[in-house]
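Shown next, in structure tokens, is the structure this report addresses.
Values in this text are rule-based calculations from the coordinates and carry no lab data. Bear in mind that the values here come from a model prediction, so they are computed numbers and not experimental data. FYI the Cβ positions are ideal-geometry reconstructions off the backbone, even for glycines, and counts take in every protein chain you see.
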Amino acid sequence: MPNILGRELRRALVSGAAVLVFAVAFMGLPGDAPCAQIEAAQVGAGTPATEAGQGAPGHGGAPAAAAHAEEHGLSQKAVEIARPFGFPITNSMVVTWIVAIGLIAFTRVATRDMKHVPGGAQNFLEWLVGGLYDFLESIIGPHLVKRTFWFFATIFIFILSANWVGLIPGVGTIGWGHRTADGFVIVQPLFRGANADLNLTLAMALVFFACWIVWALQEVGPGGFVKELFAPKGESTGLLKVLMIVVFFAAGCLEIISILFRPVSLSFRLFGNIFAGENMLETMSRLVPGLGWLLPIPFYFMELLVGLVQALVFMLLCAVFTLLICQHEGEGGVATHGGDVSAA
């Protein structure tokens, strides 16, 4: 048992590092992200009084940003806090690195001296990995889980850890700002929840999309891939067979559109839930002056559950999408087309 889990953990470490490197590189790309364009449109639609109150460029920018932060709470895009050697570093990237380093360090410590009778960190890690393996095996089967477990386990553990680390006091409340009549206001937080950045969630979804294509071609081949999308299912003859060919070809075209939108739905679902949760905690902390430490507490427990559910949903959707394209003819289980899953 320790040898099996040790191999799985090492594969998870290697694959997790690849996922995180791609995600961090994607987050550091220059240019305007969609969320940045949305926020720019909101800033541009300010009131004339606000625009009149701004001075010359370079003098009124900070007050405008402060007013915008006070009015709208958490910004829709991550804040750039440094640019060493021309490489932009945002506050969400800092949290991503902290989570990645923490997971790698914990895994190395837990697997450094594997024992047949585990205890402490090794026991917890074996329970987590073994439970995930059995859970995924019951959904996608023993053959497919051996090929894909390294990715699904990595993505679940990373998303869950990032969601819960984003709830630690100090994330979003430590940074640069200014004093107002109501107290100190943070304008540029040093830390931001990793999954509250659309760049990271989209990067993870695109990595899964690439893996999904590779797994599908390995399992069913190019011909089976096309047949799974367009070939009519069941036995039919004559005019009915011609009708079924037309119907399933049209369904295959719709399925291709659904497949292309899967990275978008995966990324926006995770980003939207985590971003909304952080905004809710921000709002509750400022709702009643003097009770900002008390009101968010019940919602923290809810966000702990939301963080677990969203990590589980992301992993399960990836697993089911993979099963739908990789299951062979005659295998039971889920439906043949993935449109119903995308709409869930």
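Some points to look at:
- Label separation (Glu80 vs Trp97): 1.6 nm, computed from points 7 Å beyond Cα along the C-beta direction.
- Each residue of segment 271-279 is assigned a 3J(HN,Hα), and the resulting list reads 4, x, 5, 6, 5, 5, x, 5, 5 Hz, derived from the Karplus form 6.51 cos²θ - 1.76 cosθ + 1.60 (θ = phi - 60°), x at Gly and Pro.
- 16 Å Cα-Cα reach of Lys241 towards lysines, excluding residues that sit fewer than 8 places from it in its own chain: Lys227, Lys233
- What separates the Cα centres of segment 307-328 and segment 181-210 is a distance of 23 Å.
- Equivalent ellipsoid semi-axes, segment 202-324, via Cα gyration tensor eigenvalues times 5, rooted, Å: 45, 15, 11
- At q = 0.18, 0.21, 0.24 Å⁻¹, base-10 log of I(q)/I(0) for segment 80-195 (Debye sum, equal scatterers on each alpha carbon): -1.00, -1.15, -1.29
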